[in-house]
Amino acid sequence: KPEYLFGDGTGAIGLLPLITTFGRNAININTVSLEIMQFLGLNDVEIETIMKQRNREYGGFRFIPQQFSARGLNAMSTQTFRIEVTARAKNSPIGSRITGIVSREPSPKGNELRTIYWRERAETVRT
């Protein structure tokens, strides 16, 4: 349904800004957004359980409980990151938005970042 991607016009956010076609077909239980958990059909108790595990005391999940992996939450770390930066000169309505998608890949020296998408564009910046 289009409203799943674009929202329903009542202020509910669509999924389009929350998903990417890049990555390894995995959803990280330690970073997944509330909207994606709701879309996956998790109930309020399950969502609260996940959110409580993400605090400083627990530090997130070290393994994925079966009840969540069966629902699509199948990773504990993220390998693909979207970075978005918007900047403008003082008193200027025109700014620049840079969007990059990078992948963290293991190497003999540790992890290395590989750029898999890059876009720069000028736009009017709202203040």
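The values are calculated or read from the model by the stated rules, or taken from the named source; none is laboratory data. The shown structure was predicted, so the numbers you read here are calculated from the model rather than taken from an experiment. Because the Cβ atoms are built from the backbone with ideal geometry, glycine has one as well, and the counts that use them run over all protein chains shown. These accessible areas exclude ligands, DNA and RNA; they are computed on the full protein's heavy atoms, side chains included. Shrake-Rupley method; radii C 1.70, N 1.55, O 1.52, S 1.80 Å.
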Considering (1) out of contact with any helix residue (DSSP H, G or I) (no Cβ under 9 Å at 6 or more places or on another chain); (2) under 28 Å from residue 2 (Cβ atoms), say which one residue 32 fails and leave the rest.
-> (1)
Listed by first then second residue, the pairs whose first member lies in segment 92-119 and is over 18 Å from residue 82 (Cα atoms), whose partner is in a strand (DSSP E or B) and open to solvent by less than 50 Å² (accessible area, probe 1.4 Å), with beta carbons under 8 Å and at least 6 positions apart or on separate chains, are 94/123; 95/123
Check residue 107 against each of (1) closer than 30 Å to residue 121 by Cα; (2) open to solvent by less than 50 Å² (accessible area, probe 1.4 Å) and name the one condition it does not meet.
-> (1)
For residue 12, are the conditions met, namely being closer than 28 Å to residue 119 by Cα and not in a loop (DSSP other than H, G, I, E, B)?
-> no
When you go through 54, 88, 62 one by one, which is the residue that is at pLDDT 85 or above, farther than 27 Å from residue 118 by Cα and open to solvent by 90 Å² or more (accessible area, probe 1.4 Å)?
-> 62
Log entry, pairs with first residue in segment 44-65 being without any contact (Cβ under 8 Å) to a residue 24 or more places away in the chain, second being of a type in the set (Ser, Thr, Tyr) and open to solvent by 60 Å² or more (accessible area, probe 1.4 Å), beta carbons closer than 9 Å, six or more apart or on different chains, reads 52/58; 65/49
Pair list, Cβ < 8 Å and 6+ apart or interchain, from segment 70-83 residues that are part of a strand (DSSP E or B) to residues that are hydroxyl-bearing (Ser, Thr, Tyr) = 80/20; 80/103; 81/103; 82/20; 82/99; 83/99
When only residues in segment 38-51 that are open to solvent by less than 60 Å² (accessible area, probe 1.4 Å) and under 17 Å from the mean Cα position of the chain (by Cα) count, which is modelled with the lowest pLDDT?
-> 40
Kindly indicate whether residue 35 is assigned to a helix (DSSP H, G or I), closer than 29 Å to residue 113 by Cα and modelled with pLDDT under 90.
-> yes
Determine if segment 17-25 includes at least one residue that is open to solvent by less than 70 Å² (accessible area, probe 1.4 Å) and modelled with pLDDT under 90.
-> yes
